[in-house]
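Before we start, here is the structure in question, set down as structure tokens.
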Amino acid sequence: QVQLVESGGGLVQAGGSLRLSCAASGRTFSSSDMGWFRQAPGKERELVAAIYSSGGTTWYRDSVKGRFTISRDNAKNTVYLQMNSLKPEDTALYYCAAKKTTVYDYWGQGTQVTVSS
């Protein structure tokens with residue numbers, strides 16, 4: 001079983017940066033694909049970025065390409081989301097998730113990111 005705890009969210013002005021961290025417990029972390037999701041008020045939850053267990057393959061939603069970077073440190077059981085050039089439309093509750101099968105099986109509670117104009 002994997003437990004996930006997000007941190008690093010907060011209030012930032014447009015154009016600013018934040019780095020989200022997701023601390024995971026469980027010996028199987030290194031074999032899990034990881035993803036960052038977000039859900040804005042009144043909208044569906046969407047996958048923002050993903051990183052495969054190897055750490056060498058990543059995926060980004062078009063709207064964040066060139067601005068966000070996902071990375072992982074298996075030695076620290078942590079996955080990160082570096083967010084640069086933040087826009088008000090990035091405002092959402094951001095979730096860390098782990099995929100051990102074909103779906104994301106484990107989820108954190110989320111960390112709020114608010115970007116002001």
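The values are calculated or read from the model by the stated rules, or taken from the named source; none is laboratory data. What you see is a predicted model, and the numbers here were worked out from it, not measured in a lab. FYI the Cβ positions are ideal-geometry reconstructions off the backbone, even for glycines, and counts take in every protein chain you see. Just so you know, the surface numbers come from the protein's heavy atoms only, side chains and all, with ligands and any DNA or RNA stripped out. Shrake-Rupley method; radii C 1.70, N 1.55, O 1.52, S 1.80 Å.
Can you name the residue in the stretch 64-73 that is in a strand (DSSP E or B) and not charged (D, E, K, R) and, of all such residues, is most open to solvent (accessible area, probe 1.4 Å)?
Of the stretch 64-73, the ones in a strand (DSSP E or B) are 68-73.
In the following step, the residues that additionally are not charged (D, E, K, R) were identified as 68-71.
Working: 68: 6, 69: 72, 70: 8, 71: 47 Å².
Per the criteria, the residue is 69.
Further question on the same structure: Residue 50 versus (1) at pLDDT below 90; (2) not in a helix (DSSP H, G or I): which is the lone unmet condition?
Failing condition for residue 50: (1).
Is it the case that the stretch 54-63 has a residue that's on the phi > 0 side of the Ramachandran plot and exposed (fewer than 15 other Cβ atoms within 10 Å of the Cβ)? Outline the logic, then answer.
Going through the stretch 54-63, the residues on the phi > 0 side of the Ramachandran plot turn out to be 55.
Adding the requirement that they be exposed (fewer than 15 other Cβ atoms within 10 Å of the Cβ) leaves none.
Scanning the stretch 54-63, I find no residue that is on the phi > 0 side of the Ramachandran plot and exposed (fewer than 15 other Cβ atoms within 10 Å of the Cβ), so the answer is no.
So which strands (runs of 3 or more DSSP E) are wholly in the stretch 74-117 and hold at least 2 residues that are exposed (fewer than 14 other Cβ atoms within 10 Å of the Cβ), of a type outside the set (A, V, I, L, M, F, W, C) and at pLDDT below 95? It would help to see each step written out before you state the result.
Numbers: elements: 78-83, 92-99, 104-107, 111-116.
Once the strands (runs of 3 or more DSSP E) in the stretch 74-117 are filtered for at least 2 residues that are exposed (fewer than 14 other Cβ atoms within 10 Å of the Cβ), of a type outside the set (A, V, I, L, M, F, W, C) and at pLDDT below 95, nothing remains.
Something else now. With the checklist (1) touching a strand residue (DSSP E or B) at 6+ places or on another chain (Cβ under 6 Å); (2) in contact (Cβ under 8 Å) with a residue 40 or more places away in the chain in hand, flag the one item residue 59 doesn't pass.
The single condition residue 59 does not satisfy is (2).
Quick one: in the stretch 1-40, of everything that is of a type in the set (Val, Ile, Thr) and assigned to a strand (DSSP E or B), which residue is least open to solvent (accessible area, probe 1.4 Å)?
First, the residues of the stretch 1-40 that are of a type in the set (Val, Ile, Thr): 2, 5, 12, 28.
Next, only the ones that are assigned to a strand (DSSP E or B) stay: 5, 12.
Details: 5: 95, 12: 22 Å².
Checked the stretch 1-40; the qualifying residue least open to solvent (accessible area, probe 1.4 Å) is 12.
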